[in-house]
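Student: Please find one structure pasted underneath; my questions will follow.
What follows is calculated from the coordinates using simple rules that are stated; it is not laboratory data. All values reported here derive from a predicted model rather than from experimental measurement. Quick reminder, even Gly has a Cβ in these numbers, built from the backbone with ideal geometry, and neighbours come from all protein chains shown.
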Amino acid sequence: MSTPTVALAAPAPTDPDELRRAFAHVPSGLAIVATLGPDGPIGLLVASFTSVSLTPPLASVNIGHSSTTLPQLRNQPHWGISILGQDQESVTERFRRPAHERFAGLGWSSTIDGAVHLHGAAAGFTTRLNRLIPAGDHSIAILEVADHFATLESTPLVFHRSRLRRIESEGAA
């Protein structure tokens, strides 16, 4: 018996505002992508960090083409990824500031290769940029994971429906 085929109509153009509202229903963690530049740390906030592969260890982030930080990151091979903890809401506000003000007053450290991590992060990854893949109005950065850490006491901060949210504790009613 053959499987019937279904003709699909060509998709109608998607309204960007409606698509943004639909995407907002998908919760995501927030991360700072950062590296050490010639004048100090360079970084930006993303809501698109994801694991890609365990073997080899790969992760990815999406960065908008309009980012003024992306060209600076592109010149540095090692990036630190700091997954923000629920007590780091103020960091998201800092990273809406001009690039030269983002790290003022924040605790951070860097690896010998220049990957920058924020103190107090729920988790972190030391990565090497493998490649940037153009994808619409963003670039997908494929990152080789060289090292990682996680803080068991910390819960990640979540972005959902265009708001910062906290994950309830397992023991909460």
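Student: With the dipole of the chain worked out from charges on the C-beta (+1 for Lys and Arg, -1 for Asp and Glu) around the Cα centre, which of 16, 146, 134 lies farthest toward the positive end?
Tutor: Comparing the listed Cα positions along the dipole, 16 ranks first.
Student: May I pose another question? Go ahead and set up a Gaussian network model of the chain, Cα springs under 10 Å, then flag whichever of 153, 89, 101 fluctuates most.
Tutor: Result: 153 has the largest fluctuation of those listed.
Student: Just to be sure I understand: with springs between alpha-carbon atoms less than 10 Å apart, which residue in 42, 83, 112 has the highest mean-square fluctuation in the Gaussian network model of the chain?
Tutor: In this elastic network of the chain, the residue with the biggest mean-square fluctuation among 42, 83, 112 is 112.
Student: Using the Cα centre as the reference, give the magnitude of the dipole from point charges on the C-beta atoms of the range 1-146 (Lys, Arg: +1; Asp, Glu: -1; all else neutral), rounded to the nearest 20 debye.
Tutor: 180
Student: Let me ask you something else. Would you work out if the range 90-141 is rounded, prolate or oblate? Take a ≥ b ≥ c from the square roots of the eigenvalues of the alpha-carbon gyration tensor; rounded if a/c is under 1.5, else prolate when a/b is larger than b/c, oblate otherwise.
Tutor: Verdict is oblate for the range 90-141.
Student: Classify the range 25-149 from the C-alpha gyration tensor, please: rounded if a/c falls under 1.5, else prolate or oblate depending on whether a/b exceeds b/c.
Tutor: Because its axes are fairly even, with a/c under 1.5, the range 25-149 counts as rounded.
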